[in-house]
Amino acid sequence: MAEAAAQDAAEQLLYLKLAYLAGEPPACVLALARKAGGGSITPHVQNFLLEICTGTNVDRRQNFTYTTTIFKRIISEVELSSETVIDGLYEEFAQRMLSKAKDSLLNKTNHIYKEISFLSSTHDNVSSRLISVVGRLSCSSSMLEGDTGCSLWPSSLFLSEFILSYPEIFSTKCCFELGSGVGLVGICLNYVGASKVILTDGDTSTLTNMKENMELNNLCIEQEDSEVLKECKNKVECKYLSWEDVSENDLWGYQPDIVLGADVMYNPVCVPHLVRVLSMLLRQDRRQGENKGKFGDEFQTEGPVTYIATVVRNAETFNCFAKAAANAKLSAINISSSAAPSNLLPYMLSYDRSSVQLLKITSLS
């Protein structure tokens, strides 16, 4: 019993740490802090959080406001419950208030640094699960400012879990992602051994941020005629791709085995262009039957295949995609249940995995 209780306590503290590093909403961090303290944010948990927030290698300039908000809410909650607030937490919060007043630049950043840690699913108990891969990302701190391409979306988390849960599908394959955003899917593709990773986006500022994220994760950005990159095993290509303007000639040299996308059906105006790009990528001449019989039926294919993870926020937009795909002779099958990924992000309370659908799309022509 004592050993089980100790394991549970260690598990809750691990979740609390990973949630903070992942930039989970303060309310979720506090919920985990209460759970770690057995119902309240105890002095032990306060000390643990203080050490995490002030002792990690997170860029404090980017996460200053986020961390200060967490401290403020902890102090308010503990004081209201007539519990003890540790001196170190008061002192750190006071220092932050002084720094905030002296340096207004701390309030001007619109990005936050996040570390998304995927836990291994190979262990019998969660407390012994290892962190298999960590994605270090600079993300938008507010989607309300229109910086959607630099935001981290649930579908991107789901698609990343899918890749890590079924690495044999993507290993040694040329993978091409549409609307790559912050680049988390690309990091996971590189981790499982994809032979080539091409990340694309149609927004130049998002593309710039994506390249910076690849460098944060020690991935080389592939460029033409680069002698240095020939020796680099961990490399990705980051490409500007406008769905509206791209031609078949622009895509012909890539010939991907697998095309991926996360939350790419966000606007009905973009749907026809998305379907056109998918049609071009999926109709190219491919090696026939390479995966036949290797995996379950949901993975069998005689040509290139697309996996799209999406949250259906607007039924009209989703139906528009389904109709356009059918007209383009594309088969779109929901494999959310038959190919459900492992839960590798149990500490992310804000992540609703049940809201995401996974589609497998192939060409019928």
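The values are calculated or read from the model by the stated rules, or taken from the named source; none is laboratory data. Keep in mind it's a predicted model, so treat the numbers as computed, not measured. Glycine also receives a Cβ, built like all others from the backbone with ideal geometry; neighbour counts cover every protein chain displayed. We work out accessible area using only protein heavy atoms, side chains counted, and drop any ligands, DNA or RNA first. Shrake-Rupley method; radii C 1.70, N 1.55, O 1.52, S 1.80 Å.
What to note about this one:
- Condition check for Lys196: over 22 Å from Thr208 (Cα atoms), modelled with pLDDT of 70 or more, among the charged types (D, E, K, R) and surrounded by fewer than 24 Cβ atoms within 10 Å (Cβ to Cβ): no
- Filtering region 244-260 to residues that are open to solvent by 10 Å² or more (accessible area, probe 1.4 Å), out of contact with any Pro (no Cβ under 9 Å at 6 or more places or on another chain) and touching a residue at least 60 places away in the same chain (Cβ under 8 Å) leaves only Tyr254.
- Qualifying residue in region 56-73 (condition: at positive phi and either surrounded by 14 or more Cβ atoms within 10 Å (Cβ to Cβ) or touching a helix residue (DSSP H, G or I) at 6+ places or on another chain (Cβ under 6 Å) (or both)): no
For (1) touching a Lys or Arg at 6+ places or on another chain (Cβ under 7 Å); (2) within 29 Å of Cys139 (Cα to Cα); (3) surrounded by fewer than 23 Cβ atoms within 10 Å (Cβ to Cβ), each residue gets a yes or a no:
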position: Met1; (1), (2), (3): no, no, yes
position: Ala4; (1), (2), (3): no, no, yes
position: Ala9; (1), (2), (3): no, no, yes
position: Leu13; (1), (2), (3): no, yes, yes
position: Ala22; (1), (2), (3): yes, yes, no
position: Ala27; (1), (2), (3): no, yes, yes
position: Lys35; (1), (2), (3): no, yes, yes
position: Gly39; (1), (2), (3): no, no, yes
position: Glu51; (1), (2), (3): no, yes, yes
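- Residue pairs meeting the criteria (Cβ under 9 Å; at least 6 apart or on separate chains; first touching a residue at least 60 places away in the same chain (Cβ under 8 Å), in region 1-19; second among the small types (Gly, Ala, Ser) and open to solvent by 70 Å² or more (accessible area, probe 1.4 Å)): none
- Pro268 vs. criteria more than 19 Å from the chain's Cα centre (by Cα), open to solvent by 50 Å² or more (accessible area, probe 1.4 Å) and modelled with pLDDT of 95 or more: no
- Selection of region 174-193 for residues being open to solvent by 10 Å² or more (accessible area, probe 1.4 Å), more than 15 Å from Ile308 (Cβ to Cβ) and not β-branched (Val, Ile, Thr) yields Cys174, Asn190, Tyr191, Gly193.
- Within region 125-153, the set of residues being modelled with pLDDT of 80 or more and polar (S, T, N, Q) comprises Ser132, Ser138, Ser140, Ser151.
- Boolean, Leu30 is at pLDDT below 95 and under 24 Å from the mean Cα position of the chain (by Cα): no
- Test result for Ile52, aliphatic (A, V, I, L, M) and in a loop (DSSP other than H, G, I, E, B): no
- Residues in region 315-347 that are within 25 Å of the chain's Cα centre (by Cα), touching a residue at least 12 places away in the same chain (Cβ under 8 Å) and farther than 30 Å from Lys35 by Cβ: Thr317, Phe318, Phe321, Ala332, Ile333, Asn334, Ile335, Ser338, Ala339.
- Cβ-Cβ distances below 6 Å connect no pair with a first residue in region 57-75 that is of a type in the set (A, V, I, L, M), a second residue that is at pLDDT 85 or above and open to solvent by 70 Å² or more (accessible area, probe 1.4 Å), and a separation of six or more residues or different chains.
- Pairing residues of region 31-51 that are over 20 Å from Met348 (Cβ atoms) with residues that are among the polar types (S, T, N, Q), at Cβ distances under 8 Å and at least 6 apart in sequence or on separate chains, gives Ser40/Ser81; Pro43/Thr84.
- The conditions of being open to solvent by 60 Å² or more (accessible area, probe 1.4 Å), closer than 28 Å to Glu168 by Cβ and not basic (Lys, Arg) are not met by Ser363.
- Per the conditions (1) at pLDDT 95 or above; (2) not in a loop (DSSP other than H, G, I, E, B), the sole criterion not satisfied by Leu229 is (1).
Residues are listed down the side, and each one gets a yes or a no for (1) out of contact with any His (no Cβ under 9 Å at 6 or more places or on another chain); (2) open to solvent by less than 40 Å² (accessible area, probe 1.4 Å); (3) modelled with pLDDT of 95 or more:
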position	(1), (2), (3)
Glu302	yes, no, no
Thr306	yes, yes, yes
Thr310	yes, yes, yes
Arg313	yes, no, no
Ala324	yes, yes, yes
Leu330	yes, yes, yes
Leu349	yes, no, yes
Gln357	yes, no, yes
